[in-house]
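Data first, discussion second: the structure below is written as C-alpha coordinates.
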Amino acid sequence: MIVLQNLGLAWYPVWHYAVVIGLDLERRNVVLHSGTEADKLLSLDVFTRTWRRGEFWGLLVLPSSELPARSSEEAYLRAVSPLERMGKWALAAEAYATALKRWPHSLAAYLGVGVCRYARGDLKAAEGIFRQATLKFPAEGATFNNLAQVLLEQGRIDEARTAARHAVALGGPLKAEFEKTLSEIPGP
(Lines give C-alpha, C1' and ligand atoms only; values in the text may rest on other atoms or scores of the structure.)
Protein backbone atom coordinates (compact mmCIF):
# COMPACT_ATOMS: atom_id res chain seq x y z
CA MET A 1 0.00 0.00 0.00
CA ILE A 2 1.29 3.45 -0.88
CA VAL A 3 0.92 5.94 1.95
CA LEU A 4 1.44 9.67 2.26
CA GLN A 5 3.33 10.74 5.35
CA ASN A 6 4.23 14.12 6.74
CA LEU A 7 7.73 13.65 8.13
CA GLY A 8 7.83 17.28 9.25
CA LEU A 9 5.44 19.19 11.46
CA ALA A 10 1.88 20.37 10.94
CA TRP A 11 3.04 23.94 10.34
CA TYR A 12 6.09 22.83 8.27
CA PRO A 13 5.12 19.71 6.35
CA VAL A 14 7.65 17.42 4.68
CA TRP A 15 5.54 15.24 2.41
CA HIS A 16 6.78 11.78 1.62
CA TYR A 17 5.36 8.72 -0.11
CA ALA A 18 6.30 5.27 1.14
CA VAL A 19 5.21 1.74 0.32
CA VAL A 20 4.08 -0.41 3.24
CA ILE A 21 5.30 -3.95 2.59
CA GLY A 22 4.87 -5.55 5.99
CA LEU A 23 3.65 -5.30 9.52
CA ASP A 24 5.14 -6.94 12.60
CA LEU A 25 2.52 -6.52 15.31
CA GLU A 26 4.54 -8.51 17.85
CA ARG A 27 7.41 -6.00 17.70
CA ARG A 28 5.06 -3.12 16.77
CA ASN A 29 6.95 -2.28 13.58
CA VAL A 30 5.96 -1.36 10.05
CA VAL A 31 8.21 -2.39 7.15
CA LEU A 32 8.47 0.24 4.40
CA HIS A 33 10.15 0.92 1.12
CA SER A 34 10.88 4.57 1.74
CA GLY A 35 12.75 6.64 -0.82
CA THR A 36 15.82 4.64 -1.78
CA GLU A 37 15.75 2.65 1.44
CA ALA A 38 14.31 -0.86 1.18
CA ASP A 39 12.93 -2.80 4.15
CA LYS A 40 13.02 0.18 6.50
CA LEU A 41 11.68 -0.63 9.97
CA LEU A 42 9.63 2.08 11.64
CA SER A 43 7.85 1.81 14.95
CA LEU A 44 4.08 1.53 14.58
CA ASP A 45 3.65 4.61 16.80
CA VAL A 46 5.92 6.81 14.67
CA PHE A 47 4.39 5.48 11.46
CA THR A 48 0.86 6.15 12.71
CA ARG A 49 1.79 9.68 13.80
CA THR A 50 3.40 10.61 10.46
CA TRP A 51 0.62 8.95 8.45
CA ARG A 52 -2.04 10.73 10.54
CA ARG A 53 -0.45 14.05 9.52
CA GLY A 54 -1.13 12.96 5.94
CA GLU A 55 -4.78 12.37 6.92
CA PHE A 56 -4.27 8.61 6.54
CA TRP A 57 -4.13 8.91 2.76
CA GLY A 58 -3.28 5.63 1.09
CA LEU A 59 -3.56 3.85 -2.20
CA LEU A 60 -4.18 0.14 -2.29
CA VAL A 61 -3.71 -1.55 -5.65
CA LEU A 62 -5.28 -4.98 -5.97
CA PRO A 63 -5.84 -7.36 -8.87
CA SER A 64 -9.28 -6.88 -10.45
CA SER A 65 -10.29 -10.26 -9.03
CA GLU A 66 -9.87 -9.05 -5.41
CA LEU A 67 -11.85 -6.62 -3.31
CA PRO A 68 -10.52 -4.47 -0.47
CA ALA A 69 -11.46 -5.85 2.94
CA ARG A 70 -13.50 -2.74 3.67
CA SER A 71 -15.15 -1.01 0.77
CA SER A 72 -18.60 0.24 -0.04
CA GLU A 73 -20.29 -0.79 -3.25
CA GLU A 74 -20.48 2.82 -4.40
CA ALA A 75 -16.80 3.55 -3.73
CA TYR A 76 -15.65 0.35 -5.40
CA LEU A 77 -17.76 0.88 -8.53
CA ARG A 78 -16.60 4.51 -8.72
CA ALA A 79 -13.01 3.21 -8.71
CA VAL A 80 -13.76 0.65 -11.44
CA SER A 81 -15.59 2.94 -13.88
CA PRO A 82 -12.47 4.74 -15.18
CA LEU A 83 -11.31 1.40 -16.60
CA GLU A 84 -14.20 1.64 -19.05
CA ARG A 85 -13.26 5.18 -20.10
CA MET A 86 -9.71 3.91 -20.75
CA GLY A 87 -11.05 1.04 -22.88
CA LYS A 88 -9.77 -1.61 -20.46
CA TRP A 89 -12.87 -3.72 -21.10
CA ALA A 90 -11.59 -7.11 -19.94
CA LEU A 91 -10.16 -5.69 -16.73
CA ALA A 92 -13.33 -3.69 -16.02
CA ALA A 93 -15.54 -6.73 -16.70
CA GLU A 94 -13.51 -8.79 -14.24
CA ALA A 95 -13.72 -6.05 -11.62
CA TYR A 96 -17.50 -5.73 -12.07
CA ALA A 97 -17.87 -9.52 -11.85
CA THR A 98 -15.82 -9.42 -8.65
CA ALA A 99 -18.20 -6.76 -7.30
CA LEU A 100 -21.14 -9.07 -7.98
CA LYS A 101 -19.61 -11.67 -5.67
CA ARG A 102 -19.86 -9.26 -2.72
CA TRP A 103 -22.90 -7.27 -3.89
CA PRO A 104 -25.04 -9.73 -5.88
CA HIS A 105 -27.92 -7.21 -6.06
CA SER A 106 -25.88 -4.46 -7.71
CA LEU A 107 -27.63 -3.20 -10.82
CA ALA A 108 -24.59 -1.07 -11.71
CA ALA A 109 -22.27 -4.08 -11.55
CA TYR A 110 -24.58 -6.15 -13.77
CA LEU A 111 -24.81 -3.35 -16.29
CA GLY A 112 -21.05 -2.83 -16.08
CA VAL A 113 -20.27 -6.47 -16.89
CA GLY A 114 -22.75 -6.44 -19.77
CA VAL A 115 -21.48 -3.18 -21.24
CA CYS A 116 -17.89 -4.45 -21.07
CA ARG A 117 -18.80 -7.70 -22.82
CA TYR A 118 -20.69 -5.70 -25.45
CA ALA A 119 -17.78 -3.32 -25.98
CA ARG A 120 -15.47 -6.28 -26.59
CA GLY A 121 -17.86 -7.60 -29.23
CA ASP A 122 -19.00 -10.61 -27.23
CA LEU A 123 -22.70 -10.19 -27.95
CA LYS A 124 -23.68 -13.63 -26.63
CA ALA A 125 -22.05 -12.99 -23.26
CA ALA A 126 -23.55 -9.49 -23.11
CA GLU A 127 -26.96 -10.93 -23.93
CA GLY A 128 -26.61 -13.48 -21.12
CA ILE A 129 -25.72 -10.82 -18.56
CA PHE A 130 -28.49 -8.45 -19.67
CA ARG A 131 -31.03 -11.32 -19.58
CA GLN A 132 -29.96 -12.12 -16.01
CA ALA A 133 -30.30 -8.43 -15.17
CA THR A 134 -33.85 -8.25 -16.57
CA LEU A 135 -34.82 -11.15 -14.31
CA LYS A 136 -33.08 -9.72 -11.26
CA PHE A 137 -34.23 -6.12 -11.89
CA PRO A 138 -37.56 -6.41 -13.75
CA ALA A 139 -38.49 -2.78 -13.03
CA GLU A 140 -35.30 -1.30 -14.54
CA GLY A 141 -35.71 -0.16 -18.13
CA ALA A 142 -31.95 0.06 -18.73
CA THR A 143 -31.60 -3.71 -18.52
CA PHE A 144 -34.28 -4.24 -21.18
CA ASN A 145 -32.92 -1.44 -23.36
CA ASN A 146 -29.41 -2.88 -23.30
CA LEU A 147 -30.79 -6.34 -24.05
CA ALA A 148 -32.75 -4.87 -26.97
CA GLN A 149 -29.57 -3.34 -28.43
CA VAL A 150 -27.66 -6.61 -28.19
CA LEU A 151 -30.53 -8.59 -29.74
CA LEU A 152 -30.84 -6.03 -32.55
CA GLU A 153 -27.16 -6.37 -33.39
CA GLN A 154 -27.59 -10.13 -33.55
CA GLY A 155 -30.41 -9.68 -36.06
CA ARG A 156 -33.11 -10.88 -33.65
CA ILE A 157 -35.49 -8.07 -34.54
CA ASP A 158 -38.73 -9.32 -32.94
CA GLU A 159 -37.03 -10.09 -29.62
CA ALA A 160 -35.24 -6.72 -29.73
CA ARG A 161 -38.51 -4.88 -30.37
CA THR A 162 -40.21 -6.68 -27.47
CA ALA A 163 -37.38 -5.81 -25.07
CA ALA A 164 -37.26 -2.17 -26.26
CA ARG A 165 -41.05 -1.77 -25.91
CA HIS A 166 -40.81 -3.13 -22.37
CA ALA A 167 -38.06 -0.60 -21.55
CA VAL A 168 -40.20 2.25 -22.92
CA ALA A 169 -43.21 1.03 -20.95
CA LEU A 170 -41.15 1.06 -17.75
CA GLY A 171 -40.20 4.68 -18.50
CA GLY A 172 -38.09 6.60 -16.03
CA PRO A 173 -35.41 9.24 -16.55
CA LEU A 174 -33.90 7.36 -19.52
CA LYS A 175 -37.20 6.92 -21.37
CA ALA A 176 -36.04 9.11 -24.27
CA GLU A 177 -33.03 6.80 -24.75
CA PHE A 178 -35.30 3.76 -24.67
CA GLU A 179 -37.56 5.37 -27.29
CA LYS A 180 -34.52 6.08 -29.46
CA THR A 181 -33.48 2.42 -29.28
CA LEU A 182 -37.02 1.35 -30.20
CA SER A 183 -37.08 3.76 -33.15
CA GLU A 184 -33.87 2.21 -34.52
CA ILE A 185 -35.43 -1.26 -34.71
CA PRO A 186 -36.85 -1.89 -38.19
CA GLY A 187 -40.44 -2.96 -38.64
CA PRO A 188 -43.82 -2.11 -37.16
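Among all residues of region 65-75, there is at least one that is part of a helix (DSSP H, G or I) and either surrounded by 18 or more Cβ atoms within 10 Å (Cβ to Cβ) or not acidic (Asp, Glu) (or both).
Scanning region 78-107 for residues that are surrounded by fewer than 17 Cβ atoms within 10 Å (Cβ to Cβ) and within 15 Å of Thr143 (Cα to Cα) yields His105, Leu107.
Summed over region 145-161, the residues that are surrounded by fewer than 24 Cβ atoms within 10 Å (Cβ to Cβ) and within 19 Å of Leu107 (Cβ to Cβ) give a count of 1. The helices (runs of 4 or more DSSP H) located wholly in region 89-156 that include 3 or more residues which are out of contact with any Phe, Trp or Tyr (no Cβ under 9 Å at 6 or more places or on another chain) occupy 89-102, 123-136. Look at (1) in contact with an Asp or Glu (Cβ under 7 Å, 6 or more places away or on another chain); (2) at pLDDT below 90; (3) not basic (Lys, Arg) and you find that Asp24 fails only one, number (1). Scanning region 40-60 for residues that are part of a strand (DSSP E or B) and over 32 Å from the mean Cα position of the chain (by Cα) yields a total of 4. Consider region 78-122 and keep the residues that are among the small types (Gly, Ala, Ser) and more than 10 Å from the chain's Cα centre (by Cα). The one that is nearest to Glu153 (Cα to Cα) is Gly121. Checked against the criteria, Ser81 does not count as within 27 Å of Ala109 (Cβ to Cβ), free of Cβ contacts under 8 Å to residues at least 40 places away in the same chain, in a loop (DSSP other than H, G, I, E, B) and among the polar types (S, T, N, Q).
Per the listing Ala142, Ala164, the residue uniquely more than 20 Å from Ser106 (Cα to Cα), out of contact with any strand residue (DSSP E or B) (no Cβ under 6 Å at 6 or more places or on another chain) and assigned by TED's automatic domain parsing to the domain that holds His105 is Ala164. Inclusion of Ile157 among residues that are closer than 30 Å to Pro63 by Cβ and among the hydrophobic types (A, V, I, L, M, F, W, C) is not warranted. From Leu111, Leu67, which residue is outside the structural domain of Gly171 (by TED's automatic domain parsing), touching a Ser or Thr at 6+ places or on another chain (Cβ under 8 Å) and not acidic (Asp, Glu)? Going through Leu111, Leu67 in turn, just one is outside the structural domain of Gly171 (by TED's automatic domain parsing), touching a Ser or Thr at 6+ places or on another chain (Cβ under 8 Å) and not acidic (Asp, Glu): Leu67. When residues in region 28-39 are screened for being outside any strand (DSSP E or B) and closer than 15 Å to Leu7 by Cα, 1 of them pass.
The values are calculated or read from the model by the stated rules, or taken from the named source; none is laboratory data. In this text the structure is predicted, and so the values were computed from the model without any measurement. Ideal geometry is used to build each Cβ from the backbone, glycine not excepted, and the neighbour counts take in all protein chains shown.
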